[in-house]
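We did not get these values from a lab; they are worked out from the coordinates using the rules stated. From a predicted model like this one, the values you see are computed outputs, not experimental measurements. Positions of Cβ are backbone-derived with ideal geometry, glycine not excepted, and every protein chain shown enters the neighbour counts.
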Amino acid sequence: MARADLLRVWTSLLAAVLVASLLIAAALSTGAAAREAGCRGQVVLDAGHGGSDSGAVNARYGLKEKEHTLDVARRLKTLLEADGHAVCMTRTGDETLSNNDRYAYANTTGAEILVSVHMDGSSDPAPDYTTTLFGKWRKDKELALKVFDGLTTLPAADGAETMRTRAPYSFASGVLLKSDMPATIAETVFITSDSEGRLLSDGTGARQQQIAGALRTGIEDYLAAH
Ligand SMILES: [Zn+2]
């Protein structure tokens, strides 16, 4: 190989190494920013589960709750921001977060409300209904009811007109009890349901978008009244 050729090979090798390290640095900084440190916003969205905690799993359709709560939360963030609401996220990647991490972060954002996005699970593939949970009745009830009202507009996955529902109920979670602002856990749909599994895994994202849209309705109804 001629000297000039060797030099060319050597230069392109160096360039490749440089590009690779830049990519690694970018990936690391994305991870570090995953909890959106310093974020101030009107709404905190908490994508349920994450990292080593998959949440409920639909084995038949290969679905993990942690992935679809994040998918819905991201879509919801986009919708809310388009309407002028500043949004902070407890996680934007596949991080393992404790309940303490979630409410402690929420309490640094100055947000008016905290909405934790979940999908329910059952060992029976039949059940599918929507509900919301509240911690302290006085602090959380109105938000839980508004978000529930939004979710009741969701079309049912099995072709019935609207989703079956369960009235909002009390749940002693630190995310609800220890957050300073009104908070609710939205158990949007059953990820373990056969008909939901089919929709959520169809690759279009249409069901996830519907769920995000229903959550937006409830959240914006609440914010408009406060
Ligand atoms: Zn969950």
Inset, instruction - Could you tell me the distance between the Cα centroids of the range 48-101 and the range 127-204, to the nearest Å? - result: 14
Inset, instruction - Mind sorting Glu161, Glu65, Glu112 by how few other Cβ atoms lie within 10 Å of their own Cβ, fewest first? - result: Glu161, Glu112, Glu65
Inset, instruction - For Tyr61, list long-range residues whose amide hydrogen, built 1.01 Å from N in the peptide plane, is under 5 Å from its own amide hydrogen. - result: none
Legend entry - Those lysines that a straight Cα-Cα span of less than 16 Å connects to Lys136, excepting residues fewer than 8 apart in one chain: Lys146, Lys178
